[in-house]
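Engineer: Can you read through this structure? Questions will come right after.
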Amino acid sequence: DAEITQSPRHKITETGRQVTLACHQTWNHNNMFWYRQDLGHGLRLIHYSYGVQDTNKGEVSDGYSVSRSNTEDLPLTLESAASSQTSVYFCASSRDRVNEQFFGPGTRLTVL
Amino acid sequence: RKEVEQDPGPFNVPEGATVAFNCTYSNSASQSFFWYRQDCRKEPKLLMSVYSSGNEDGRFTAQLNRASQYISLLIRDSKLSDSATYLCVVFHYGGSQGNLIFGKGTKLSVKP
């Protein structure tokens, strides 16, 4: 069955370290998204991609970067982790822009 | 004004009760509307799309009022398994080519 996976599921890191969160989908979806979810804020879009070599900034992109070298993967990199980036991170993909997004199980990141 | 606003909740209801959630959106050009469900510590999943004529899926009924920019979700005969957070989601083409905008969610707790 097609799916979307994230790794690691939990990570603890220190301030200033570079961290990369992986996202992999097997639906062959062109569109992929990264969100963070915090209490009081709901889901906020970090970066998104509409296809290979395409990346775009979302609402809260500062301190994050993504790259899209193939259809299946959209890794999210925190260049220099900060305590404010402690959050739950969800990756999602969709067949087209106006319809359902399928979410991965999430990565719980703690920055100490 | 926030792009998507929902009842703050939480809603605590007994099994068998009927409960209604409301949502308003600010962009009159919004084109697609959805309700997602998110269980505690899990990823969001699509519950149902919302169509202009209103639509029903078993015990769930969704309504859209474009003139008032208002979306609702009605759950009849609540089950314990309906306990979750319900996210109102809106799509519109914007400066970033269009993305889903998520409300912060309304928490429902169904008690025996």
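The values are calculated or read from the model by the stated rules, or taken from the named source; none is laboratory data. Bear in mind that the values here come from a model prediction, so they are computed numbers and not experimental data. A quick note on method: Cβ atoms are made from the backbone with ideal geometry, for glycine too, and the neighbour counts reach across all protein chains shown. Quick note on the areas: whole protein, heavy atoms, side chains included, nothing else; ligands and nucleic acids left out. Shrake-Rupley method; radii C 1.70, N 1.55, O 1.52, S 1.80 Å.
Engineer: Of the cross-linked pairs A:LYS57/B:LYS107; A:LYS11/B:LYS107; A:LYS11/B:LYS111; A:LYS11/B:LYS42, which ones have a Cα-Cα span greater than 25 Å in the structure shown?
Structural biologist: Pairs exceeding the cut-off: A:LYS57/B:LYS107; A:LYS11/B:LYS107; A:LYS11/B:LYS111.
Engineer: If the elastic network links every pair of Cα atoms under 10 Å, which of A:LEU43, A:LEU78, A:LEU21 fluctuates the most in the Gaussian network model of chain A?
Structural biologist: For chain A, modelled as a Gaussian network with Cα springs under 10 Å, the answer is A:LEU43.
Engineer: Which residues of segment A:41-67 bury at least 30 Å² of accessible area once all protein chains are present, versus their chain alone (1.4 Å probe)?
Structural biologist: A:LEU43, A:TYR48, A:TYR50
Engineer: Rank A:GLY51, A:TRP34, A:THR15 by how far each Cα sits towards the positive end of the charge dipole of chain A (+1 on Lys, Arg Cβ; -1 on Asp, Glu Cβ) and give me just the farthest.
Structural biologist: Result: A:THR15.
Engineer: Under a 1.4 Å probe, what is the accessible area of the protein assembly as shown per residue, stated in Å²?
Structural biologist: 48 Å²
Engineer: Right, next: What's the FRET efficiency of A:LEU112 with A:ARG9 using the Cβ-Cβ distance as r and R₀ = 25 Å, to the nearest 0.05?
Structural biologist: Computed FRET efficiency for A:LEU112 and A:ARG9: 0.90.
Engineer: Under a plain spin-label model, where a point goes 7 Å from the Cα along Cα-to-Cβ, how far apart in nm are B:ASN65 and B:SER109?
Structural biologist: In this crude spin-label approximation the distance works out to 3.0 nm.
Engineer: Still on this structure, I have one more. Placing +1 on the Cβ of each Lys and Arg and -1 on the Cβ of each Asp and Glu in chain B, which of B:SER30, B:VAL4, B:ASN65 has its Cα farthest towards the positive end of the resulting dipole?
Structural biologist: Among B:SER30, B:VAL4, B:ASN65, the one farthest towards the positive end of the dipole of chain B is B:VAL4.
Engineer: How are the C-alpha pair distances of segment A:26-112 spread across 5 Å bins, as whole percents from the shortest bin up?
Structural biologist: 3, 15, 26, 27, 17, 9, 3, 0
Engineer: Right, here's the next one. Amide H of B:LEU108: which non-local residues (sequence gap of 5 or more, or other chain) have their own amide H closer than 5 Å, using H built in the peptide plane?
Structural biologist: Amide H neighbours of B:LEU108, under 5 Å, 5+ apart: B:PHE11, B:ALA84, B:THR85, B:TYR86.
Engineer: Summarise the accessible area of the protein assembly as shown (1.4 Å probe, protein heavy atoms) by the percent that is carbon and sulfur.
Structural biologist: Details: 5010 of 10770 Å².
That fraction is 47 percent.
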